[in-house]
Amino acid sequence: NVFAQENKSFVRLGLSTGLSDSPSYSFAIEYGKIFRHLEGGLKFSYYNTFPLSNENRSVGFIDRGNGQNVFFTDAKYYSGKKYLSLTLNIGYNILSLFSDKHNFTPFVAFGCGSLTKLDNTFADNTVSLDYDYKIAFEYGFGARYEYALNDKVRLGAYYKYYNFLERNILGVNISRIF
């Protein structure tokens, strides 16, 4: 039966970066089903713009007791975002009508996301630390191209826009079909 072969499961791992944030990195894992040419999956994503290295950032304050205060820091500016999301992705593989090896899947995504922002500045003897945490409805859209190495493994690249994160993501992925 030809339709029985089209009902498959997949696990997809992705690594990506934001197109407008430097530095930034992201990883994602998705589990889903492929039925005929329709694809649906539950995806967990993590996005971070904080530095990868363990840089020590500090801000200090000394009260001299005579009304003069001294601030010191080893960082003039430090900011970043951490983002977690759980989304349902739904797409349609339009190239599977023509090729078994090439897959091009435009998709939409919706779910929830949490965003943490930290912004620390030091200028003119003034220290500012802004912290913001939000949870909100998330939606996005994107497209993925994958090349099938064999019946079980696909390598690909993808683009995705997140509305809550307000970022464009570009990445690579590997999919395991079973």
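What follows draws every value from the coordinates through simple rules; no lab data is involved. Everything quoted here is computed from the prediction, not taken from an experiment. Quick reminder, even Gly has a Cβ in these numbers, built from the backbone with ideal geometry, and neighbours come from all protein chains shown.
Where does the charge balance sit around Gly156 when Lys and Arg score +1, Asp and Glu -1, over other residues with C-beta under 9 Å from its C-beta? Taking every Cβ under 9 Å from that of Gly156, the sum is +2. Rounded to whole numbers, the Karplus 3J(HN,Hα) couplings from phi for segment 159-164 are 10, 8, 10, 9, 6, 5 Hz, using 6.51 cos²θ - 1.76 cosθ + 1.60 with θ = phi - 60°, and x at Gly and Pro.
Anything over 30 Å Cα to Cα? Flag those among Lys134/Lys160; Lys101/Lys160; Lys101/Lys134; Lys117/Lys152; Lys43/Lys134; Lys8/Lys117, in the order listed.
Over 30 Å Cα-Cα: Lys101/Lys134; Lys117/Lys152; Lys8/Lys117.
Taking Cβ atoms as reference points and 11 Å as the exclusive limit, the residues near Asp119 contribute a net charge of 0, counting Lys and Arg as +1 and Asp and Glu as -1. Working note: Cα gyration tensor of segment 84-178, eigenvalues times five, square-rooted, sorted largest first, giving semi-axes of 38, 15, 11 Å.
Using 0.36 nm per residue of separation minus the Cα-Cα distance, give me the extension gain between Leu19 and Tyr31 in nm, one decimal.
1.8 nm
Near Glu146: Cβ cut-off under 10 Å, other residues only, Lys/Arg at +1 and Asp/Glu at -1. The net charge is +4.
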